[in-house]
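See below for the structure under consideration.
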Number of protein chains: 6
Amino acid sequence: MPTVPMIEYVDASDEVRAVYDDIMTTRQVNWLNNFWKVLAHHPPTLKRTWESIKEVMAPGAIDPLVKEMIYIAVSATNGCEYCIRSHTASARKAGMTDAMLGELMAVVGMANETNRLANGYQVEVDARFLTPLR
Amino acid sequence: MPTVPMIEYVDASDEVRAVYDDIMTTRQVNWLNNFWKVLAHHPPTLKRTWESIKEVMAPGAIDPLVKEMIYIAVSATNGCEYCIRSHTASARKAGMTDAMLGELMAVVGMANETNRLANGYQVEVDARFLTPLR
Amino acid sequence: MPTVPMIEYVDASDEVRAVYDDIMTTRQVNWLNNFWKVLAHHPPTLKRTWESIKEVMAPGAIDPLVKEMIYIAVSATNGCEYCIRSHTASARKAGMTDAMLGELMAVVGMANETNRLANGYQVEVDARFLTPLR
Amino acid sequence: MPTVPMIEYVDASDEVRAVYDDIMTTRQVNWLNNFWKVLAHHPPTLKRTWESIKEVMAPGAIDPLVKEMIYIAVSATNGCEYCIRSHTASARKAGMTDAMLGELMAVVGMANETNRLANGYQVEVDARFLTPLR
Amino acid sequence: MPTVPMIEYVDASDEVRAVYDDIMTTRQVNWLNNFWKVLAHHPPTLKRTWESIKEVMAPGAIDPLVKEMIYIAVSATNGCEYCIRSHTASARKAGMTDAMLGELMAVVGMANETNRLANGYQVEVDARFLTPLR
Amino acid sequence: MPTVPMIEYVDASDEVRAVYDDIMTTRQVNWLNNFWKVLAHHPPTLKRTWESIKEVMAPGAIDPLVKEMIYIAVSATNGCEYCIRSHTASARKAGMTDAMLGELMAVVGMANETNRLANGYQVEVDARFLTPLR
């Protein structure tokens, strides 16, 4: 149970409904996941977060499936169950295979390991890594 | 300055040199970055970490550039300067454009934000996200 | 279920009971939350932690409600369910409104996002931020 | 040195300049801190992040100084030097006294400690903390 | 429920069974914990992770019980329930007493607190701590 | 440079000097590291933190060298440079060998890796790990 009540579509204000409608239209689904129903508790956060996610996760220089895998990588690193599960579902829907999930988790695990080896030993950054490589 | 002395190639034991050689051959470079020279302080860690990285970062179901971007995503989330800089350099070398870096950081930022919104409000996982979607 | 048994008041040693009594007197309640019953497993930790919390959360230059909101900010960032829920309850009791919780979460989310943008791009600290501004 | 070049005002596109102007006008200053000059590398992220920060940090149910202190709390927890230093400067400017900074850090430290005690012992959430207290 | 199906011994491929057998033989038990059954979803990760853990947790310059306590310290800091519970069980089996667990948690809590005090105030490293002390 | 001025012994109030004296006496040294000179900015935090550290790091059921290694494990996981360097120095002084540091870092790295594998796949805790094993 979340720390604030969830707001269902039928109980939502016009402001909240407009966001809910845009979420469902953009995603071509007829349901809303709990995350949005909780954020609706604070309409400016609902609107701002949805518009940001919509912009950031749209196809661009990186394709949507890769973006979903990056989302899982961050969420697994932070240990956020909600985001791990919801983005694993989205990535599966977008075509992530078993082999891709296996490799994704392997990279996430290794990066978390070597981050601590580099920090734990206080490895100095090589001069050649300091120049912006544009 | 790291917390242990770095071991240069000329000072390395045969065991360490064998790993150093494999790193340079695999990466087709003639230099070693500081990370490995520090790990060489503990040869079993050098060997195990290199062999793991070599296996995990190899081409597979996910292509190497995407793997580098996932590495950056984890390292930025953990705030590891060494890994951010070294993997940004690797990703650039593997073809990451300005637009890709911009979108990568945007996704990393959003994921870190929504991870805390989901946890901070204790959003309950939707039943439909709980089934393994194989 | 915690990894150690909880110690109820009736089963507590005199040393533990003295802390339990002080918690209930200070907070003007007649019950103990699970956190303390678990810490009682190691009486020096129970005593030290309670005395520290009592000192740190007391009214001072920052008012108690703001301190509770800072506690929630840290706990949401770390993803600690117990502390998120217990301090959200305390903050509510101390007067946190729906609007305040909404704004608190918005700031926590943004800070987590920009922390990663700053680290991910390795933004250099501006010289003007380096001088202690006392 | 950041991983991408910083974009100075004179070199900025119209799109970026419009954001730069709004930052300086809103904050009533005639300079830009490095964070924005780095984000300008990816204009959509610059625009979205600035508009979000502007909305989130504005006066509301929580006053701006408290918002700055919450920002410091998160940044100290994540170990982000840039954000710790820039928001400590902002909080000082907004009136944070030495005593307030001292108490802020004390709360941040304690929260980080008890988060790990609660998680490390896997303390179960008390039933009374599970009900939304609206 | 994990995000991928668990693979039981009877359903495992020869490659997976070989790892399962080695786990049970090395640990002198006749059961497998869920972690391995989930990793078996991606056999290279199962094999590499098991071989790494087997090497790293073996008796050496640090005794196995201390290694288990270090594992708990990291897992409590990261808030990983699975690892906290499984390594608390292993440490108990290896001889960790109530007093040891109490002191371990106390150190973990204090380290998490002072890490944030040091970062939050941006304490500068003393020159005498910068020299490798070999 | 820290965000607050450091307070040297000669400039310290009687209250702060009493703590400084106790630190030097307890540790049998004639100097103070920067951490304490910064905390002295807020005397109650200086006093409380020192007394807590003194109690927690004293010999007990776990020996002081192991406590120092646990401190390093947490600090490396959190990426706190100050604490990594100061506690690596303390551990060296207390007898940590090269081999011990190598094994410590190996365990820290593996724990950070498997924490993410367990969370990333949402591995369910085995029933046998749920019972307190006292």
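Quick notes
- Residues (in contact with a helix residue (DSSP H, G or I) (Cβ under 7 Å, 6 or more places away or on another chain), open to solvent by 10 Å² or more (accessible area, probe 1.4 Å) and part of a loop (DSSP other than H, G, I, E, B)) located in the range F:14-41: F:ASN30, F:LEU32, F:ASN33, F:HIS41
- The range E:63-86, subset assigned to a loop (DSSP other than H, G, I, E, B) and open to solvent by 10 Å² or more (accessible area, probe 1.4 Å), residue farthest from the other protein chains (Cβ to nearest Cβ): E:ASP63
- Residue in the range E:42-62 that is within 30 Å of F:TRP50 (Cα to Cα) and either under 15 Å from the mean Cα position of the chain (by Cα) or assigned to a helix (DSSP H, G or I) (or both) present: yes
- Restricting the first member to the range A:1-28 and to residues that are more than 27 Å from A:ALA94 (Cβ to Cβ), and the second to residues that are of a type in the set (S, T, N, Q), the beta-carbon pairs closer than 8 Å and six or more apart or on different chains are A:MET1/B:GLN122; A:MET1/D:THR131; A:THR3/B:GLN122; A:THR3/C:THR88.
- Cβ-Cβ under 7 Å pairs, at least 6 apart or on other chains, the range B:107-121 side modelled with pLDDT of 95 or more, far side of a type outside the set (A, V, I, L, M, F, W, C) and outside any helix (DSSP H, G or I): B:ASN119/C:GLY79; B:TYR121/A:PRO2; B:TYR121/A:THR3
- Hits in the range A:87-123 (condition: surrounded by fewer than 16 Cβ atoms within 10 Å (Cβ to Cβ) and either in a loop (DSSP other than H, G, I, E, B) or of a type in the set (Gly, Ala, Ser) (or both)): A:ALA94, A:GLY95, A:THR97, A:ALA99
- Yes/no for F:ASN112 being within 15 Å of A:TYR121 (Cβ to Cβ) and not aliphatic (A, V, I, L, M): yes
- From the list A:MET100, A:MET57, A:MET1, the lone residue that is touching a Leu at 6+ places or on another chain (Cβ under 6 Å) and either within 14 Å of chain C (Cβ to nearest Cβ) or under 29 Å from B:ALA76 (Cβ atoms) (or both) is A:MET1.
The values are calculated or read from the model by the stated rules, or taken from the named source; none is laboratory data. Quick caveat, the model's predicted, so the values are computed rather than measured. Using ideal geometry, Cβ is built from the backbone for each residue, glycine included, and neighbour counts are taken over all protein chains shown. Only protein heavy atoms, including side chains, enter the accessible area calculation; ligands, DNA and RNA are left aside. Shrake-Rupley method; radii C 1.70, N 1.55, O 1.52, S 1.80 Å.
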